[in-house]
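K.L.:
Structure in structure tokens, see below.
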Amino acid sequence: IRLTTQGKKEVQSIEEIITELDPLTKCVPIIADVHFSAAVAEYAAEVCHKIRINPGNYTEKRGDEKDYSEGDFQAGDQLNQKALRSLLTICKNHSTALRIGVNHGSLSNRIMSKYGDTPEGMVESAMEFMRVCSEEDYHNVVVSLKSSNTRVMVQSVRLLTREMIKEDLYYPIHLGVTEAGDGLEGRVKSVVGMAPLLLEGIGNTIRVS
């Protein structure tokens, strides 16, 4: 069960929920969906069974666009690496799982400056974080690239799969279409986004929005 976790108050609420679970439901993992705060992610990693972070807003904020020099680009990557390594230490100590969840609509300005609003940008955003997980010998990871545009989603996940094989990074892939919609339209959109990938043998877990 995944819960949106904006701040520390929400983490405290999740902790209460976990405490109150009866024996029949204690086996259900509680997942914190964290945005915009590395500090909240670290706090949640001590409490929840799994956390989800978004590379596009983990340490970087979307604001005024600017031209990034190569030095600026690398500095942003280093900031992400430092924060992520700290988080992974906590995850290891608490046996907490991690989902690296990239959203098409929330790529960082740094990534956008180099790759634009493209599947390549989504893939690099995820790969930066996955490389750190590999370096830290942390493998309790799943990765997702999501979009409300099914063509972008399919193309991104195919490209991600190729890049993972190229760099010898073999993490499970989570599939889902963001904001698919309600009723029949939502179900059809989810099928259009996920079925081609599943037919190609890509995807380990799914979510129907």
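K.L.:
May I ask you to list pairs of residues, at least six apart or on different chains, whose Cβ atoms are under 6 Å apart, with the first in region 33-52 being at pLDDT below 95 and the second being outside any helix (DSSP H, G or I) and aromatic (Phe, Trp, Tyr)?
P.N.:
From region 33-52, the pairs are Ala38/Tyr58.
K.L.:
Exactly one condition in (1) surrounded by 12 or more Cβ atoms within 10 Å (Cβ to Cβ); (2) under 19 Å from the mean Cα position of the chain (by Cα) is false for Glu15; which is it?
P.N.:
(2)
K.L.:
Take Gly116 and decide whether it is at positive phi, at pLDDT below 95 and not hydrophobic (A, V, I, L, M, F, W, C).
P.N.:
yes
K.L.:
I'd like the full set of residues that are part of a loop (DSSP other than H, G, I, E, B) and open to solvent by less than 30 Å² (accessible area, probe 1.4 Å), limited to region 18-36.
P.N.:
Ile30
K.L.:
Condition first: surrounded by 18 or more Cβ atoms within 10 Å (Cβ to Cβ), farther than 17 Å from Ile14 by Cα and small (Gly, Ala, Ser). Now tell me which residues in region 39-82 satisfy that.
P.N.:
Listed by number, the residues that qualify are Gly56, Gly76.
K.L.:
Now for a different question. I'm checking my understanding of the structure. Among residues of region 106-125 that are touching a residue at least 24 places away in the same chain (Cβ under 8 Å) and out of contact with any Asp or Glu (no Cβ under 9 Å at 6 or more places or on another chain), which one is surrounded by the fewest Cβ atoms within 10 Å (Cβ to Cβ)?
P.N.:
Ranking the qualifying residues of region 106-125, first place goes to Glu120.
K.L.:
Here are some conditions: (1) surrounded by fewer than 20 Cβ atoms within 10 Å (Cβ to Cβ); (2) among the β-branched types (Val, Ile, Thr); (3) under 20 Å from Ala83 (Cβ atoms). Thr205 meets all but one. Which one does it not meet?
P.N.:
(3)
The values are calculated or read from the model by the stated rules, or taken from the named source; none is laboratory data. Bear in mind that the values here come from a model prediction, so they are computed numbers and not experimental data. Because the Cβ atoms are built from the backbone with ideal geometry, glycine has one as well, and the counts that use them run over all protein chains shown. Protein only, heavy atoms only, side chains kept; ligands, DNA and RNA dropped before computing areas. Shrake-Rupley method; radii C 1.70, N 1.55, O 1.52, S 1.80 Å.
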